[in-house]
Amino acid sequence: MKTELVLDALKRRFPNEPEYHQAVEEVLMTIEDEYNKHPEFDKANLIERLCIPDRMFSFRVTWTDDKGNVQTNMAYRFQHNCAIGPYKGGMRFHASVCPSILKFLAFEQTFKNALTTLPMGGAKGGSDFNPKGKSNAEIMRFCQALMLELWKYIGPETDVPAGDIGVGGREVAYMFGMYKKLAREHTGTFTGKGLEFGGSLIRPEATGYGNIYFLMNMLSTKGIKNLKGQVIAISGSGNVATYTAEKALQLGGKVITMSDSNGYIYDPDGITREKLDYIFELKNVYRGRIKEYAEKYGCKYVEGARPWGEKCTIALPSATQNEINGDDAKMLLANGCIAVSEGANMPSTPEAVKAFLDAKILYAPGKAANAGGVSVSGLEMTQNSMKIAWSKEEVDEKLKSIMANIHEQCVRYGTQKDGYVNYVKGANTAGFMKVAKAMMAQGIL
Ligand code: NDP
């Protein structure tokens, strides 16, 4: 594969999409060795067909705020690839949402979903709607207005959306409610639904728990069996971050930081179970800011900064893309960080990834480490199709085994001659090979 040529062509065809270019480049650079063993891929122009989404929808959403003003937002759905199953991927509501970000997320999702071993293709969607400060009624009206358009393109065997940044159980429920009404069917078209109407136990916890399970698999290769004595820096304080913290605490880790888009808190005594309960309440009930934690517990709060300068042995970025840059990575390494496992999607810049790989620490990219969320979404789809509900223990066991399986695939494809496991290469290659084989088998489409 002529990686540079492929990338240049994509950049020319899709200019001004830096996040998409970044994600594609990272994957192409790492799959080259395996790709070159298959000349039939080149003949079928597989790489271009795999990098460009199957289709992209963009539409205007019009809704009315509480003051009676008519508002408009843009919304999108990127259906990237359905070679191994129906399109599957979350919806993101955030002011920064734009085609480049959703396109990178849909591209990443395709490989992540392939890694889970479940039959799911890749997609992503969202809107530049900013949910902060909106009333429940405004959130509901926006979700309903968005579904008036989106419902036509999704379905239980076509495309199954879920949550992401700014889209939790409340938003999924409003979107699902409107979908159900318009489509006149009660099917598993969304995952992350409430337990009362088809949701799966452990789905809210799945991404965070899964990240810790993946981390434990990595640590066990170094003979480390629990998190006792480990000092853990987490970013974010949303769904992924809070359940990551919960599982880390259960396994004996000391969590010292959490953040939101305004700043981070540093608690040198560690976030206890009781303090974490406060964060859950703060975020889910009052929809407050992480700063209030510092005010309540009297610890340090740093406005407008990220937590990576604090001394830790494990870093678990769980907020957003490109939140660890090259300098942050250097600080983490200088402070003795031995493992980075990504709860967020693409939180490390290419410079940061290079620094981690050069230092040969345990480094798990998001598409492997945070695949627990979509895995349990896949299990939710299975339960919906079978019209049954598994117990918490059953789902948790399946999640553990999926994360162990993903780890195994990374080791298989990512182990270097010197024994170092390059999890980036491993995850990208394993995910790519599965999708590539399915596409080849299905002919030129
Ligand atoms: P939430 O909306 O629940 O939480 C996001 C958290 O990150 C909030 O604390 C938010 O702060 C913070 N954040 C968002 N944008 C920024 C920013 N630009 N700079 C700094 N902080 C920011 O989202 P999730 O926890 O669901 O998602 C977090 C990450 O995990 C995303 O990258 C997502 O794609 C990824 N992910 C999520 C999965 C899931 O199952 N939910 C599955 C796999 C990956 P604030 O409140 O101030 O906005």
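Here are the numbers for this structure:
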| item | result |
| --- | --- |
| With every protein chain in place, region 101-180: carbon and sulfur % of accessible area (1.4 Å) | 55 percent |
| Calculated Rg and Dmax of region 267-327 using C-alpha coordinates, Å | 12.7, 36 |
| DSSP H segments from the chain that extend 18 Å or more along their own axis, Cα-based, with Kyte-Doolittle mean of -1.0 or above | 18-35, 99-115, 136-150, 169-183, 203-220, 372-386, 392-414, 423-442 |
| Antiparallel DSSP beta bridges within the chain, as percent of all bridges there, nearest 5 | 60 percent |
| Column: log10 I(q)/I(0), Debye, Cα scatterers of region 50-186, q = 0.10, 0.21 Å⁻¹ | -0.30, -1.25 |
| Protein-only accessible surface order, largest first, of Glu281, Glu274, Glu397, Glu108 at 1.4 Å | Glu274, Glu397, Glu281, Glu108 |
| Percent of alpha-carbon pairs separated by more than 15 Å within region 256-299 | 32 percent |
| Across Lys132/Lys181; Lys112/Lys283; Lys88/Lys367, pairs whose alpha-carbon gap is larger than 21 Å | Lys132/Lys181; Lys112/Lys283 |
| Normalised alpha carbon radius of gyration of region 172-264 [divisor 2.2 N^0.38 Å] | 1.41 |
| Among Tyr76, Tyr209, Tyr278, residue whose mean-square fluctuation peaks in a GNM of the chain (springs only between Cα atoms under 10 Å) | Tyr278 |
| For region 1-74 and region 130-170, distance of Cα centres in Å | 23 Å |
| Solvent-accessible area per residue, Å², over region 145-296 with all protein chains present [probe radius 1.4 Å] | 40 Å² |
| For the chain, Kirkwood radius (reciprocal of mean inverse C-alpha pair distance, Å) | 22.0 Å |
| Estimated 222 nm signal from helices in the chain, with DSSP H stretches of n ≥ 4 weighted -39500 (n - 2.57), rounded to 500 | -15500 deg cm²/dmol |
| Kirkwood-based shape ratio for region 28-124, expressed as Rg/Rh from alpha carbons | 1.12 |
| Region 206-364 - convex hull of the alpha-carbon atoms, volume per residue in Å³ | 94 Å³ |
| 17 Å Cα-Cα reach of Lys254 towards lysines, excluding residues that sit fewer than 8 places from it in its own chain | Lys225, Lys228, Lys275, Lys300, Lys311 |
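The values are calculated or read from the model by the stated rules, or taken from the named source; none is laboratory data. Quantities reported herein were computed from a predicted structural model and do not represent experimental measurements. Side chains included, ligands, DNA and RNA excluded: accessible areas come from the protein's heavy atoms. Shrake-Rupley method; radii C 1.70, N 1.55, O 1.52, S 1.80 Å.
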